[in-house]
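The values are calculated or read from the model by the stated rules, or taken from the named source; none is laboratory data. Every value quoted in this text rests on a predicted model; they were computed, and no experiment measured them. Quick reminder, even Gly has a Cβ in these numbers, built from the backbone with ideal geometry, and neighbours come from all protein chains shown. SASA here: full protein model, heavy atoms, side chains in, ligands and nucleic acids out. Shrake-Rupley method; radii C 1.70, N 1.55, O 1.52, S 1.80 Å.
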Amino acid sequence: MKTLPSSALLTILITGLTTTAPAHEPVTRARTPILIPDVPGYVTLKCDFHIHTVFSDGLVWPSVRAEEAWREGLDAIAITDHLEYQPHKTDVSTNHDRSFPIARAAGSELDLLVVKGSEITRKMPPGHLNAIFLTNSTALAVERWQDAIATARDQGAFIFWNHPGWEPQITNGLVVWYPEHTELLTQGRLHGIEVVNDRSYYPEAHKWAIEKNLALLSNSDIHNPLNLDYHVHEDDHRPITLVFSKSRTLEELKAALFARRTAVYSGERLIGDEQFLRPIFLGSLEITPPHASLRPGQRQSAQIYNRSAITYQLERESAAPEVTYPERLTLPAGKTVLLPLTGKTGTTAGPRKLKLPFRVTNLLKAPNTPLSTSLEVEVNFADGKSGK
Ligand code: ZN
């Protein structure tokens with residue numbers, strides 16, 4: 001009787017062992033890109049500038065913050081532990097300058113930009129303010145908030161107002177802009193405002209950002225491990241500030257913030273100036289015209305591929321003279337959908353570039369003001385008289 005060589009037997013045994021091994025592989029360190037197009041002249045950086053660690057009231061070690069952000073597809077984060085609130089101080093160092101270098105070292109391995117920040121945590125007014133691009137956080141731990149902010153400015157910091165609509169700091173249900181904020185603004189000590197914090201959108205802050213030329217920001221203010229608050233494996237994401245930067249460097253990131261080149265990406269919403277929203281929207285789409293020519297009363301479909309991570313909701317803004325087209329259209333992220341077009345009678349034969357006006361209801365250029373745009377489709381009209 002023939003016997004298998006012992007090495008073959010070993011192979012069978014190992015194979016057998018492998019196939020009965022547990023179904024779960026070890027977790028690999030993998031990054032999921034956030035697909036949002038660049039805009040002309042700039043790269044679109046995905047950022048979160050409000051993050052806590054165990055060095056204030058967060059529940060996460062700083063290096064883990066870098067890993068979470070890298071895996072989620074972010075380009076830059078700021079570590080912004082509270083200066084005045086350190087509930088773990090009996091267990092963790094109270095050194096205000098310690099969390100940043102730990103996060104930066106982890107970020108450096110991952111090619112993630114990590115920015116040094118602090119949260120100046122005061123009653124209203126002025127409320128909570130983040131100062132980022134600091135060089136020394138400990139120097140900000142002083143009694144008067146005015147002095148903390150002046151010191152931050154001396155260090156060249158970018159300063160923004162956090163969660164203006166945060167329940168414990170609003171007055172009789174109203175979000176209030178105080179004279180103290182006007183003072184900061186006129187002194188050049190207030191450069192941005194959180195229009196979104198965590199899952200809250202503040203229309204008042206959005207309005208002020210436009211009126212007072214403040215950078216629009218959207219940050220997580222995360223304290224928990226990311227996965228406890230956001231279902232990042234199921235089409236959910238933390239709120240993200242999009243920064244339109246000349247390059248992917250800390251210097252250009254900072255310059256872009258001071259130049260107010262930002263937008264908000266929160267849930268399925270994009271909020272910002274139309275100079276950024278329009279190219280992001282149009283740059284997300286690839287439109288294939290109908291393959292056959294269009295006759296009056298007959299339907300042909302264009303195909304629209306949305307290569308971005310954002311699902312767009314469209315509403316027809318006005319009728320087109322040459323075709324009828326749907327009142328509503330959803331362009332799901334990563335999918336191709338049909339745009340049915342029906343030829344109207346009396347249309348002259350020949351090729352035509354149609355501009356179909358739509359508003360994109362989840363892209364806001366101001367509170368309650370969606371972006372108006374149009375989809376361009378090339379259509380060849382057949383001679384109407386030749387019938388079907
Ligand atoms: Zn905070």
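Please verify whether segment 143-156 includes one or more residues that are closer than 21 Å to residue 251 by Cα and within 15 Å of the ligand (Cβ to nearest atom).
No, that holds for no residue.
Yes or no, residue by residue, for (1) assigned by TED's automatic domain parsing to the domain that holds residue 251; (2) surrounded by fewer than 18 Cβ atoms within 10 Å (Cβ to Cβ); (3) assigned to a loop (DSSP other than H, G, I, E, B):
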| site | (1), (2), (3) |
| --- | --- |
| 109 | yes, yes, no |
| 135 | yes, yes, yes |
| 143 | yes, yes, yes |
| 146 | yes, yes, no |
| 177 | yes, no, yes |
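Do we find that residue 49 is open to solvent by less than 20 Å² (accessible area, probe 1.4 Å), among the aromatic types (Phe, Trp, Tyr) and touching a Pro at 6+ places or on another chain (Cβ under 9 Å) in this structure?
So residue 49 does not fit the description; no.
List pairs: first in segment 119-139 and more than 12 Å from residue 151 (Cα to Cα) and within 12 Å of the ligand (Cβ to nearest atom), second in a loop (DSSP other than H, G, I, E, B) and of a type in the set (Phe, Trp, Tyr), Cβ under 9 Å, 6+ apart or cross-chain?
119/85; 121/85; 127/166; 127/178; 128/166
I'd like to verify a number: residues in segment 46-68 that are out of contact with any helix residue (DSSP H, G or I) (no Cβ under 6 Å at 6 or more places or on another chain) and either in a loop (DSSP other than H, G, I, E, B) or within 16 Å of the ligand (Cβ to nearest atom) (or both), how many?
Residues that pass the stated criteria total 12.
Tell me which of these residue 34 doesn't satisfy, since it passes every other one: (1) within 16 Å of the ligand (Cβ to nearest atom); (2) among the hydrophobic types (A, V, I, L, M, F, W, C); (3) at pLDDT 95 or above.
(1)
Can you pull out the residues in segment 203-226 that are within 16 Å of the ligand (Cβ to nearest atom) and either open to solvent by less than 20 Å² (accessible area, probe 1.4 Å) or in a helix (DSSP H, G or I) (or both)?
205, 217, 218, 219, 220, 222, 226
Looking at the structure I just gave you, is residue 283 open to solvent by 10 Å² or more (accessible area, probe 1.4 Å), farther than 24 Å from residue 110 by Cβ and modelled with pLDDT of 95 or more?
Yes, satisfied.
Being open to solvent by less than 60 Å² (accessible area, probe 1.4 Å), modelled with pLDDT under 95 and assigned to a loop (DSSP other than H, G, I, E, B) is the requirement here; does residue 96 meet it?
Criteria met by residue 96.
Report, by residue number, each residue of segment 123-133 that is closer than 18 Å to residue 86 by Cα and crowded, with 18+ Cβ neighbours inside 10 Å.
Answer for segment 123-133, where residues must be closer than 18 Å to residue 86 by Cα and crowded, with 18+ Cβ neighbours inside 10 Å: 127, 128, 129, 130, 131.
Quick test of your reading of the structure: residue 85 fulfils all but one of (1) more than 16 Å from the ligand (Cβ to nearest atom); (2) modelled with pLDDT under 95; (3) open to solvent by 40 Å² or more (accessible area, probe 1.4 Å). Name the failing condition by number.
Only one criterion in (1) more than 16 Å from the ligand (Cβ to nearest atom); (2) modelled with pLDDT under 95; (3) open to solvent by 40 Å² or more (accessible area, probe 1.4 Å) is unmet by residue 85, namely (1).
I want to confirm something. Restricting to segment 148-175 and keeping residues that are open to solvent by less than 50 Å² (accessible area, probe 1.4 Å) and of a type in the set (S, T, N, Q), which single residue is nearest to residue 258 (Cα to Cα)? Quick ask: steps written out before the conclusion?
First pass over segment 148-175, keeping only residues open to solvent by less than 50 Å² (accessible area, probe 1.4 Å): 148-152, 155-165, 169-170, 175.
Retained after the next criterion (residues that are of a type in the set (S, T, N, Q)): 151, 155, 162, 169.
Values: 151: 18, 155: 14, 162: 17, 169: 27 Å.
Looking at the filtered set, the residue picked out is 155.
Picking from 301, 308, 247, 318, which residue would you name as being among the small types (Gly, Ala, Ser) and assigned to a strand (DSSP E or B)?
Working: 308 fails: assigned to a strand (DSSP E or B); 247 fails: assigned to a strand (DSSP E or B); 318 fails: assigned to a strand (DSSP E or B).
Answer to the selection: 301.
Got a sec? Which of 336, 373 is hydroxyl-bearing (Ser, Thr, Tyr), closer than 27 Å to residue 38 by Cα and in contact (Cβ under 8 Å) with a residue 60 or more places away in the chain?
Just a single option satisfies the conditions, and that option is 373.
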